[in-house]
Amino acid sequence: MSAALSIARVSILRAVRRPSSWWLSALAFLPAALGGWLGATGYDALSVPAPLLVYVAAPLLVVPWVAGVLGEAFERRTVIYWFVRPMARPTALLGEWLGAAAAVGTVLLLGGAMLAVANALTGNAAISSLARLPLAMLAEAVALAGFSVGVATLAPKHPVSVAIGALAVTEVALPSLWGPLQVVSLSRQVLILAGVDASPLLHSLVGEAPSSSVGIALLVMALFVAIPLGLAVRTVIDRDL
């Protein structure tokens, strides 16, 4: 575990020193600015900004940040630096996940908190939303980071394209085919954790999704990480580097 934490620390330092990390972070705060403006003009501060943060800003922040960098490390073979050290190869993936989750989790937690405050200032928000929305964004960051590490390991040549393509299927294509398939959407589960119902239009088009709970949402999110990361662990053990 100490080796994984060391790799995580290096991953965080690498992100801090990378200029792209700073401008990518701005994506997490744009929905909060929009929510503040909508709330000030008398509109719902969450109806548009919350889905924007969950469906658009979070993936566009996490996938290039995590999958792009790790995929490049595999392509340039700099990842071998970890694999030649006296530790199991999956430890390197665990460390990359922990470091990425800490970095993007902090950014999305702050973005969610700012949006929750903007919503609370309208006077129509429950106190619980001040905690639920930031924590839901943290959970999404952890899930997307694990998913991105898995995709970057499995498809190191085009990790960002593959990750975005997979998300297009789970978040857009499948849910738009049939209402109950919304259960596979990570974004929908995040909105459930956040206590935000932002998809009445989608329901009217494809049908109501089955009622879900926080427990089911957490299970779906865990599977969203476990499947690609589990395949990545198996692949990295067998891959000839």
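The values are calculated or read from the model by the stated rules, or taken from the named source; none is laboratory data. Quick caveat: nothing in here was measured; it's all calculated off a predicted structure. No Cβ is skipped: glycine too gets one built from the backbone with ideal geometry, and neighbour counts run over all protein chains shown. Side chains are part of the model used for accessible areas, which takes the heavy atoms of the whole protein and leaves out ligands, DNA and RNA. Shrake-Rupley method; radii C 1.70, N 1.55, O 1.52, S 1.80 Å.
Identify the single condition in (1) closer than 18 Å to SER187 by Cβ; (2) under 14 Å from the mean Cα position of the chain (by Cα) that ARG132 does not satisfy, given that it satisfies every other one.
(2)
Restricting attention to the stretch 152-189, which residues are under 15 Å from VAL225 (Cβ atoms) and not aliphatic (A, V, I, L, M)?
Once the filter is applied, which keeps residues that are under 15 Å from VAL225 (Cβ atoms) and not aliphatic (A, V, I, L, M), the stretch 152-189 yields THR153, THR170, SER185, SER187, GLN189.
Can you name every one of the helices (runs of 4 or more DSSP H) wholly within the stretch 6-118 that holds 1 or more residues which are surrounded by 20 or more Cβ atoms within 10 Å (Cβ to Cβ)?
Working: elements: 19-25, 30-40, 58-63, 69-75, 80-83.
Helices (runs of 4 or more DSSP H) meeting the threshold: 19-25, 30-40, 58-63, 69-75.
I need a count of the residues in the stretch 128-154 that are farther than 19 Å from SER25 by Cβ and either among the small types (Gly, Ala, Ser) or part of a loop (DSSP other than H, G, I, E, B) (or both).
Result for the stretch 128-154: 6.
From (1) open to solvent by less than 20 Å² (accessible area, probe 1.4 Å); (2) outside any helix (DSSP H, G or I), pick out the condition that doesn't hold for LYS157.
Status for LYS157: all satisfied but (1).
Results for (1) farther than 27 Å from ALA152 by Cβ; (2) modelled with pLDDT of 70 or more; (3) among the β-branched types (Val, Ile, Thr); (4) in a helix (DSSP H, G or I), shown as yes or no for each residue.
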{"residue": "GLN182", "(1), (2), (3), (4)": "no, yes, no, yes"}
{"residue": "SER187", "(1), (2), (3), (4)": "no, yes, no, yes"}
{"residue": "LEU193", "(1), (2), (3), (4)": "no, yes, no, yes"}
{"residue": "VAL196", "(1), (2), (3), (4)": "yes, yes, yes, no"}
{"residue": "GLY215", "(1), (2), (3), (4)": "yes, yes, no, yes"}
{"residue": "LEU218", "(1), (2), (3), (4)": "no, yes, no, yes"}
{"residue": "VAL236", "(1), (2), (3), (4)": "no, yes, yes, yes"}
